[in-house]
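Below is one structure; the comments refer to it alone.
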Amino acid sequence: FALNLVERMTCEGQLPTLIFSLEQPGLELFERMASIELGWPGRELEERTRDEDPDMARRFLAVCERWNHVVVVEQPCALEQLDSLIETARLSNMWPEPLRLVVVDYMGLISQRRPGSPYEHMSQAARALKTLAKRHRVAVLTLCQVDREGGSGGEAITLRMARDSGVIEEAADYLLGIWRPELKDGISRDERQAAHGQFKVRVLKNRHGPAHKTVLLHFEGSTLRIQPAERVSAP
């Protein structure tokens, strides 16, 4: 979801973007970028590369050129390190324009300097990310897991499902809940088939306008592409 947002928000204008990938190695992230960009499943990318497809170098180069504005940090980071690395990125000559977007994947993996409960950790992280966004004048997008009420990923997401802290709601300017109805437990085979590919996003909070709006998108599992449902032709 975050990579699809980056692709839509920054790729066309090559807007400087910094991604803190606290869970996935940078190579895996690049493979996902390539799948989204080329429209090929990850397995096909691996097979073509393994078979030394002479066209792959050109295609991978095209992916690198389109995502050239994105810098990935794949090391574990505490809040102080996030702050320092964002400052370093802003002062560097990596981009001709100022840094515009910072993505943190995900909030629960931000390292703790001091021992504390999950609630305290998430509260501190939420407030600190808000402060970082203001101080560095960048948009900060962070992912956050939900609690057990989120079930298997098919339940409609509500504000109270944000794991460990209501401070997330307080700190965020915008809060989105995302789920895939086909993953819901207890539905019939026909219901699962009818919901295949559906990807729902609900605006849970919008500091600058109305919230509680739900948008239906389409998720293509093989290529990881998320696009407006109306653009997808019926099978």
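With Cα atoms as the point set, the range 1-49 shows a radius of gyration and Dmax of 11.6, 32 Å. Only DSSP H runs of four or more residues enter the estimate; each adds -39500 (n - 2.57), and after division by the residues of the chain the mean residue ellipticity at 222 nm equals -11000 deg cm²/dmol. DSSP beta bridges confined to the chain are antiparallel in about 55 percent of cases.
Taking every protein chain into account, the 1.4 Å probe leaves His196 with about 120 Å² of accessible area, to the nearest ten.
The radius of gyration of the Cα set in the range 135-228, together with its Dmax, comes out at 14.7, 51 angstrom.
Using a 1.4 angstrom probe with every protein chain in place, what is the largest-first accessible-area order of Phe20, Phe1? Display every interim value, and only then the final one.
Numbers: Phe20 0, Phe1 65 Å².
Correct descending sequence by accessible area is Phe1, Phe20.
For the chain, a simple Cβ point-charge model (Lys and Arg +1, Asp and Glu -1, everything else neutral) yields a dipole of about 900 debye relative to the Cα centre. Roughly how many Å is it from the Cα centre of the range 119-146 to that of the range 17-76, as a whole number? With the range 119-146 and the range 17-76 each reduced to a Cα centre, they are spaced 27 Å.
Taking Ile187, Ile226 and ordering them by how much accessible surface each has at a 1.4 Å probe, largest first, produces Ile187, Ile226. Within straight-line reach of Lys134, meaning a Cα separation under 13 Å, sit the following aspartates and glutamates at least 8 residues removed in sequence or on another chain: Asp83, Glu87, Asp173.
Taking GluC sites (Glu not before Pro) in DSSP loop conformation with at most 11 other Cβ atoms inside 10 Å as exposed sites, the chain has its longest uninterrupted site-free stretch at 53-235. Solvent exposure of the chain, expressed per residue, is 59 Å² of accessible area, with all protein chains present and a 1.4 angstrom probe.
The accessible-area ordering, largest first, of the residues Arg100, Arg202 stands as Arg100, Arg202, per a 1.4 angstrom probe.
For the chain, dividing the convex hull volume of the Cα atoms by the residue count gives 154 Å³ per residue.
With +1 assigned to the C-beta of every Lys and Arg and -1 to the C-beta of every Asp and Glu, and no other charges, what is the dipole magnitude of the range 1-89 about the Cα centre in debye, to the nearest 20? Let's see the in-between values first.
Details: 8 positive and 18 negative charges, 46 e Å.
For the range 1-89, the charge dipole is close to 220 debye.
Using a Förster distance of 45 angstrom, determine the FRET efficiency expected from the C-beta separation of His208 and Ala57, and round it to 0.05. Provide the component values of the computation, followed by the final result.
Working: r = 45 Å, r/R0 = 0.99.
It comes out at approximately 0.50.
Each Cα pair under 8 Å and six or more residues apart adds its sequence gap; the mean of these over the residue count of the range 119-223 is a relative contact order of 22 percent. Here the alpha carbons of the range 25-143 define both size measures, Rg and Dmax, at 17.5, 53 Å.
Leu27 exposes around 120 Å² of accessible area when a 1.4 Å probe is run over every protein chain in place.
The values are calculated or read from the model by the stated rules, or taken from the named source; none is laboratory data. In this text the structure is predicted, and so the values were computed from the model without any measurement. A quick note on method: Cβ atoms are made from the backbone with ideal geometry, for glycine too, and the neighbour counts reach across all protein chains shown. All accessible areas refer to the heavy atoms of the entire protein, side chains included, with ligands and DNA or RNA removed. Shrake-Rupley method; radii C 1.70, N 1.55, O 1.52, S 1.80 Å.
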